[in-house]
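A short write-up of the structure that comes next.
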Amino acid sequence: MIQAKDLSKTFKDKKRGTVKAVDGISFECKAGEIFGLLGPNGAGKTTTLRMLSTSLKPTSGTAMINGVDVAEEPEKVRGQIGFLSGNTGLYGRLTAREMVTYFGKLYGMSASDIKLRIDKLFSMLDMQEFADGRNEKLSSGMKQKVSIARSVIHDPPIMVFDEPTTGLDVMSSRTIVQFIRKCRDDGKCVIFSTHIMSEATRLCDRIAIIHKGKIFADGAVDEILSRTGVDNLEDAFIKIVGE
Ligand SMILES: Nc1ncnc2c1ncn2[C@@H]1O[C@H](COP(=O)(O)OP(=O)(O)O)[C@@H](O)[C@H]1O
Ligand SMILES: [Mg+2]
């Protein structure tokens with residue numbers, strides 16, 4: 001469902017000069033699979049996900065989403081994906097229900113489809129209790145749930161989530177993790193980024209370890225552990241990246 005091949009992104013930065021944020025990475029992610037991009041701050045995770053979701057153009061390389069090239073037909077790609085970015089904004093004066101409805105309309109959904117989908121999503125994300133209050137009054141965990149519901153209202157086959165649980169309370173992050181699992185079980189292709197090793201271990205079918213714009217290892221968590229001869233991803237990460 002997602003095929004990234006030799007994907008690169010270079011930024012021109014006034015202070016730092018040329019920054020190779022993503023430097024020739026390749027990976028694949030299938031339907032019914034959770035794929036994790038695991039790496040520290042500055043590794044290139046967000047830049048990679050922004051290229052997949054067509055909000056940034058690759059400097060070189062290609063990414064195919066469901067057989068469609070992100071650079072050639074970005075609009076077609078956008079209908080296939082739900083993208084949650086770190087700065088997905090909420091309209092403070094709208095309620096969750098109003099805002100998600102608004103995005104459903106933007107995707108051309110009918111009022112009855114929107115209603116059905118909202119009922120399902122709000123129940124999966126445990127949002128019923130705060131769905132009709134203003135967004136500006138919500139906690140960060142609640143806000144993140146609204147952003148997730150908003151990003152997948154059109155029921156896309158591919159979900160791209162940038163650090164979906166970073167900085168959230170335990171309960172919200174548990175619900176979001178369960179939501180991601182459910183999406184996978186429904187046959188979606190989910191790619192998400194995290195810098196939290198334990199989360200990657202818990203949630204991912206496969207991971208890619210990314211550092212300084214490059215992928216250092218990829219595979220099932222168990223494979224990576226047995227390849228490195230350690231029993232947790234943190235040690236594996238240090239071993240792989242340190243070499
Ligand atoms: N718009 C930009 N302009 C200049 N440099 C950028 C820009 N976006 C990201 N970078 C740089 O690219 C590198 C990778 O960033 P990012 O993809 O945000 O990493 P991550 O999400 O893994 O923390 C970092 O060095 C970051 O400072
Ligand atoms: Mg990031």
State all residues of segment 43-66 that are modelled with pLDDT of 95 or more and within 16 Å of ligand 2 (Cβ to nearest atom); if no residue qualifies, say none. Ala43, Gly44, Lys45, Thr46, Thr47, Thr48, Leu49, Arg50, Met51, Leu52, Ser53, Leu56
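Could you pull out the residue among Ile240, Ile215, Ile207 that is in contact with a helix residue (DSSP H, G or I) (Cβ under 7 Å, 6 or more places away or on another chain) and part of a strand (DSSP E or B)? Working first, answer last.
Numbers: Ile240 fails: part of a strand (DSSP E or B); Ile215 fails: in contact with a helix residue (DSSP H, G or I) (Cβ under 7 Å, 6 or more places away or on another chain).
Criteria check complete, one pass: Ile207.
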Conditions: (1) among the polar types (S, T, N, Q); (2) part of a loop (DSSP other than H, G, I, E, B); (3) more than 15 Å from ligand 1 (Cβ to nearest atom). Asn41 meets all but one. Number of the miss? (3)
Among the listed residues Ala31, Ala63, which satisfies the condition of being touching a strand residue (DSSP E or B) at 6+ places or on another chain (Cβ under 7 Å), of a type outside the set (Ser, Thr, Tyr), under 30 Å from Arg181 (Cβ atoms) and surrounded by fewer than 16 Cβ atoms within 10 Å (Cβ to Cβ)? Ala31
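Has segment 81-89 got any residue that is touching a Gly at 6+ places or on another chain (Cβ under 7 Å), crowded, with 20+ Cβ neighbours inside 10 Å and not in a loop (DSSP other than H, G, I, E, B)? So that I can check it myself, show each step before the final result.
Start the filter on segment 81-89 by keeping residues that are touching a Gly at 6+ places or on another chain (Cβ under 7 Å), which leaves none.
Scanning segment 81-89 turns up no residue that is touching a Gly at 6+ places or on another chain (Cβ under 7 Å), crowded, with 20+ Cβ neighbours inside 10 Å and not in a loop (DSSP other than H, G, I, E, B).
Quick check on Arg134: is it surrounded by 14 or more Cβ atoms within 10 Å (Cβ to Cβ), away from ligand 2 (no atom under 16 Å from the Cβ) and more than 23 Å from Cys29 (Cα to Cα)? Talk me through it step by step, then tell me what you get.
Numbers: surrounded by 14 or more Cβ atoms within 10 Å (Cβ to Cβ): yes; away from ligand 2 (no atom under 16 Å from the Cβ): yes; more than 23 Å from Cys29 (Cα to Cα): yes.
Here the answer is yes, as Arg134 does meet what is asked.
Can you tell me which residues in segment 9-23 are touching a Lys or Arg at 6+ places or on another chain (Cβ under 7 Å) and in contact (Cβ under 8 Å) with a residue 40 or more places away in the chain?
Let us first name the residues in segment 9-23 that are touching a Lys or Arg at 6+ places or on another chain (Cβ under 7 Å), namely 10, 18, 21-23.
Scanning segment 9-23 gives Thr10, Ala21, Val22, Asp23.
The values are calculated or read from the model by the stated rules, or taken from the named source; none is laboratory data. On a predicted model such as this, the values are computed, not experimentally measured, just so you know. Backbone-built Cβ (ideal geometry, glycine too); neighbour counts: all protein chains shown.
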